[in-house]
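Below you'll find the structure, written out as structure tokens, and then a few comments.
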Amino acid sequence: MELPRVITMLPSATEIVCALGYRDAIVARSHECDYPNSIKQLPACTKSKIDTQKSSRDIDNQVKFIVEQGLSVYRVDGDLLKKLNPDVIVTQTQCEVCAASPKDLEDALSDWTGGRPKIVSLEPNGLTDVWTDIQNVANAIGEQRKGKELVKGLLNRMSLIEEKASRFLE
């Protein structure tokens, strides 16, 4: 079976795809993705417009200015996206300052013709949403079963931690 071509636009997306056993399916990442370490060798398809070498105040001012202009704080390399021809792109919808948004991707993909990648937007507001997001990514790459197994394993680990921690509260 041929692996899907996946681009992850934020670190949690990269970690989800890798936890599902699909590290080799990732063909590009965001400039912020750095785990697992092997991911750093892949091309970055985003870049921040913010000068991160500045002071916290200057960074805050830069972000406010860009957002007030109705612009994104990220550049998405549309040419690289086209060249890599992904099947799936995983991004998020919660914070346009935290990672490239679906709108950033739509702008970068606007002149594509033919098949377009499936865009999966993570939107966790609580742990239940994290489990849903993991399953949505698994579904997008054709691994529903692995998604269910991963979520089940994480829930079991959390139960064990809760059980052990409860001993200290008694």
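Each reported figure results from applying straightforward, stated rules to the coordinates on display, with no laboratory input. Computed from a predicted structure; not experimentally measured. With ideal geometry, Cβ positions are generated from the backbone for all residues, glycine too; neighbour counts draw on all protein chains shown.
Between helix 144-169 and the chain, what is the angle of the helix's C-alpha long axis to the longest principal axis, kept within 0 to 90° and rounded to the nearest 10?
60 degrees
Using a Gaussian network for the chain with springs between C-alpha atoms less than 10 Å apart, which of these wobbles most: Gln144, Gln53, Gln41?
Comparing Gln144, Gln53, Gln41 in the GNM, the peak value goes to Gln53.
Taking the 0 to 90 degree range and rounding to the nearest ten, how far is the long axis of helix 56-68 tilted relative to the main principal axis of the chain, both from C-alpha atoms?
Its long axis makes an angle of about 70 degrees.
Just the number, please: percent antiparallel of the DSSP beta bridges in the chain, rounded to the nearest 5. Display every interim value, and only then the final one.
Details: 3 of 15 bridges.
Rounded to the nearest five, the antiparallel share is 20 percent.
Against the empirical 2.2 N^0.38 Å scaling, what ratio does the C-alpha Rg of region 6-169 come to?
Working: Rg = 17.5 Å, N = 164, 2.2 N^0.38 = 15.3 Å.
The reported ratio for this selection is 1.15.
Any idea what angle helix 127-140 forms with the longest principal axis of the chain, computed on alpha-carbon atoms, 0 to 90 degrees, nearest 10?
70 degrees
Considering amide H positions built from the backbone, and no H for Pro or chain starts, which residues 5 or more places from Leu122, or on another chain, come under 5 Å of its amide H?
Thr91, Gln92, Thr93
When the dipole is taken about the Cα centre of the chain, and only Lys, Arg (+1) and Asp, Glu (-1) are charged at their Cβ, what size is it in debye, to the nearest 20?
With Lys and Arg at +1 and Asp and Glu at -1, about 340 debye.
Short version: ³J(HN,Hα) in whole Hz for each residue of region 6-12, in order, from phi by Karplus 6.51 cos²θ - 1.76 cosθ + 1.60 (θ = phi - 60°), x for Gly and Pro, what are they?
10, 10, 10, 9, 7, x, 5
How much net charge surrounds Tyr35 when only the other residues with a Cβ under 15 Å from the Cβ of Tyr35 are counted, with Lys and Arg +1 and Asp and Glu -1?
Working: positive: Arg23, Arg29, Lys40; negative: Glu15, Glu32, Asp34.
Net of charged neighbours comes to 0.
Going by average Cβ density within 10 Å per residue, which order do the peptides 55-61, 79-85, 117-123 take, highest to lowest?
In decreasing order of mean packing, 55-61, 79-85, 117-123 become 117-123, 79-85, 55-61.
Which value at 222 nm does the chain reach when only helices count, each DSSP H run of 4 or more adding -39,500 (n - 2.57), with the total divided by all residues and rounded to the nearest 500 deg cm²/dmol?
Result for the chain: -14500 deg cm²/dmol, rounded to the nearest 500.
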